[in-house]
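Report on one structure; see the data block that follows.
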Amino acid sequence: MRTERAEHVSVDTTGDRSARRAVTVFPLLVLAAGGLGLLLPGSFTGWGEAVPYLLGVVMFCMGVTMTPDDFRGVVGRPWAVALGLVAHYVIMPGLGWAIAHLLDLSPQLAAGVILVGCAPSGTASNVVTYLARGDVALSVSVATVSTLVAPLVTPPLTLLLAGEYLPVDAGSMVTDIFKTVLLPILAGVVVRLVAGRYVQRALPALPWLSALTISVIVAVVVAGSADAIRSAAGTVFLAVVLHNGLGLALGYGAGRLGRLGEPASRAMAFEVGMQNSGLAASLATAHFSPLAALPAAVFSVWHNVSGSLTAAWLSRRGR
């Protein structure tokens, strides 16, 4: 997330090692949480309403880890950041729509896959970029901007692409993203400005807090659709693997096509192919159904596994 975004801590010396450990252990935590939700769904009855608040905790952690350098990086490299932003919000939503049609998914699952594609950049992308010897500064800049513009981009894209499957209340979705994403981020930024010295001491714990929170979200989402998982798990997994894998490849290709260089192209791969699946799960639960949130739950596990493996391969190739 950073771990979903607390991995942004990777740019801070204090939290670097902790963030790398968190993003490595994170898939195991999420997998265990998903298994718990599947085996004991009754234990999470009534927890669905807490999902937006849990996501707010993750976004608050993201805001706390932000520094002025993040915003200066956007201003200093407008072409690279703009290319990353456009690639992210064109490639992943388009892939989600195409995969939904290709696999002839049910309306709920199709809407869920598309919503994952319309979400902002994923949370472990900064640390994975670091492990891949990519351009971490660019990764942080693209992730920051894609998250901040999500209230203006995610709802209309979801309406455009998923509206043929299910009714989409884009206006309500804007409000929800504002409350669960922007407000917690802004609160975190303020806390960092006011109490920076104390925040610095807490940085190593933030990736773990984010990882545990997202794991709880996944457990709640899986528990809500435990019966459907047994019949749809194979199809959903295939959709997620295709979505994530093609996103990584096309993101890297966009960087090369834009002549950004090898390190920046690696950053582009992860900023395009890794999604904020926690936000997608929250929105799917609130606006569609627990079943529609299933692709986001699976994506939470898989994109961290595939991202880590891809980063290891790129790092060895770089040497």
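The values are calculated or read from the model by the stated rules, or taken from the named source; none is laboratory data. All values reported here derive from a predicted model rather than from experimental measurement. Because the Cβ atoms are built from the backbone with ideal geometry, glycine has one as well, and the counts that use them run over all protein chains shown. Protein only, heavy atoms only, side chains kept; ligands, DNA and RNA dropped before computing areas. Shrake-Rupley method; radii C 1.70, N 1.55, O 1.52, S 1.80 Å.
See the values below:
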quantity	calculated
Any chance residue 278 is assigned to a helix (DSSP H, G or I) and more than 13 Å from the chain's Cα centre (by Cα)	no
Test: residue 259 is open to solvent by 20 Å² or more (accessible area, probe 1.4 Å), among the charged types (D, E, K, R) and part of a helix (DSSP H, G or I)	no
So residue 187, is it over 17 Å from the mean Cα position of the chain (by Cα), farther than 29 Å from residue 80 by Cα and open to solvent by 10 Å² or more (accessible area, probe 1.4 Å)	no
Residue list for segment 197-241, restricted to those being modelled with pLDDT of 85 or more and more than 27 Å from residue 45 (Cα to Cα)	238, 239, 241
Scan of segment 158-170 for residues that are small (Gly, Ala, Ser) and either surrounded by 15 or more Cβ atoms within 10 Å (Cβ to Cβ) or over 30 Å from residue 104 (Cβ atoms) (or both), ordered by number	162, 170
Residue that is assigned to a helix (DSSP H, G or I), within 20 Å of residue 130 (Cβ to Cβ) and hydrophobic (A, V, I, L, M, F, W, C), where the choices are 296, 267	267
Some residue of segment 55-69 being open to solvent by 10 Å² or more (accessible area, probe 1.4 Å), assigned to a helix (DSSP H, G or I), closer than 30 Å to residue 159 by Cβ and at pLDDT below 85	no
Of residues in segment 27-54 being at pLDDT 80 or above and outside any helix (DSSP H, G or I), the one most open to solvent (accessible area, probe 1.4 Å)	47
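One line per residue, one yes/no per condition, for (1) open to solvent by 10 Å² or more (accessible area, probe 1.4 Å); (2) over 11 Å from residue 274 (Cα atoms):
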residue: 88; (1), (2): no, no
residue: 91; (1), (2): yes, yes
residue: 116; (1), (2): no, no
residue: 119; (1), (2): no, no
residue: 122; (1), (2): no, no
residue: 127; (1), (2): no, yes
residue: 137; (1), (2): yes, yes
residue: 140; (1), (2): no, yes
residue: 143; (1), (2): no, no
